[in-house]
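In what follows, a structure is listed as structure tokens, so that the remarks can point back to it.
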Amino acid sequence: LGMLEVLSRGDLRPEQARSVQVMRESAEGLLRIVDDVLDFSKIEAGRLEIEAVPFSLRGLVEGTVETLAPAAAQRGLALFADTPGSGPDWLSGDPTRVRQILFNLVGNALKFTERGYVRISMQTQTQGQ
């Protein structure tokens, strides 16, 4: 994936750029499948560890939008996220799993949306409210 990123930044003809983009999307899809299979294996073995570390929900969502924006544009769709409300941005949890869930949800939304946009909306609140 890193080498495809480097290649995509080079001076490519349009058909070459399209081929590199397809390769990158395919590699990312395969990586997600491998990650899911590994996670399933860990769950089956009772070895899946969930982290509890601080992470920025806004940063995670913005990263997801940035990563999937080219796929949205390729399908003629807009992809954006609403800014979070007044709740906390920093959460304690497993950012890897949250990112994985976001990628799956947004990826499916892009895949099954024919026209228009995909919008991510987030809301948090302090525990106990």
What order do you get for 78-84, 122-128 when each peptide is scored by the mean count of other beta carbon atoms within 10 Å, highest first?
78-84, 122-128
Return the long-range amide H neighbours of residue 93 (sequence gap of 5 or more, or a different chain), with a cut-off of under 5 Å between placed amide H atoms.
53, 55
Mean Cβ count within 10 Å, highest first, over the residues of peptides 103-113, 60-70, 31-41
60-70, 103-113, 31-41
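If you average the sequence gap of Cα pairs under 8 Å that are 6 or more apart and divide by the length of the chain, what percent do you get for the contact order? Kindly include the intermediate steps, with their values, before the conclusion.
On the way: 117 pairs, mean separation 32.4, N = 129.
Normalised by residue count, the contact order of the chain is 25 percent.
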Tell me, what % of the accessible area of the chain is carbon and sulfur with a 1.4 angstrom probe?
56 percent
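Which value, in debye to the nearest 20, gives the size of the charge dipole of the chain about its Cα centre, when Lys and Arg are +1 and Asp and Glu are -1 at the Cβ?
On the way: 14 positive and 17 negative charges, 69 e Å.
The calculated dipole for the chain is roughly 340 debye.
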The helix 14-44 Cα axis meets the longest alpha-carbon principal axis of the chain at an angle in degrees, between 0 and 90 and rounded to 10, of 30 degrees
In the chain, with Lys and Arg counted as +1 and Asp and Glu as -1 at Cβ, which of these residues, 61, 92, 73, has the Cα nearest the positive end of the dipole, that is, farthest along it?
73
Residues of the chain: accessible area per residue at 1.4 Å, in Å²?
71 Å²
Only helices counted: for the chain, with every DSSP H run of 4 or more residues adding -39500 (n - 2.57) and the sum spread over all residues, [θ] at 222 nm is -19500 deg cm²/dmol
From the phi of every residue in the range 107-116, what ³J(HN,Hα) in whole Hz does the Karplus formula 6.51 cos²θ - 1.76 cosθ + 1.60 yield, where θ is phi - 60° and glycine or proline is x?
x, 5, 4, 5, 5, 9, 9, 7, 7, x
Per-residue HN-Hα couplings for the range 93-103, Karplus 6.51 cos²θ - 1.76 cosθ + 1.60 at θ = phi - 60°, whole Hz, x for Gly and Pro?
x, 10, x, 5, 5, 5, 4, 4, 5, 4, 4
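Give the calculated FRET efficiency between residue 12 and residue 66 to the nearest 0.05, with a Förster radius of 30 Å applied to their Cβ-Cβ distance. Don't jump to the answer; show the numbers that get you there.
Values: r = 21 Å, r/R0 = 0.70.
So the FRET efficiency works out to roughly 0.90.
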Using Cα atoms only, what is the angle between the long axis of helix 57-74 and the major principal axis of the chain, expressed in degrees (0 to 90) to the nearest 10?
30 degrees
In the set (i) 9.4; (ii) 10.8; (iii) 10.0, which value of mean projected area of the Cα convex hull in nm² was calculated from the structure you see?
(iii)
Modelling each spin label as a point 7 Å along the Cα-to-Cβ direction, I'd like the residue 25/residue 122 distance in nm, to one decimal.
2.5 nm
Tell me the net charge near residue 71. Cut-off is 14 Å between Cβ atoms, residue 71 excluded, with +1 for each Lys or Arg and -1 for each Asp or Glu.
+2
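The values are calculated or read from the model by the stated rules, or taken from the named source; none is laboratory data. Fair warning: this is a prediction, and the values are worked out from it, not measured in the lab. Cβ coordinates were reconstructed from backbone atoms using ideal geometry, including for glycine residues, and neighbour counts include every protein chain displayed. Side chains included, ligands, DNA and RNA excluded: accessible areas come from the protein's heavy atoms. Shrake-Rupley method; radii C 1.70, N 1.55, O 1.52, S 1.80 Å.
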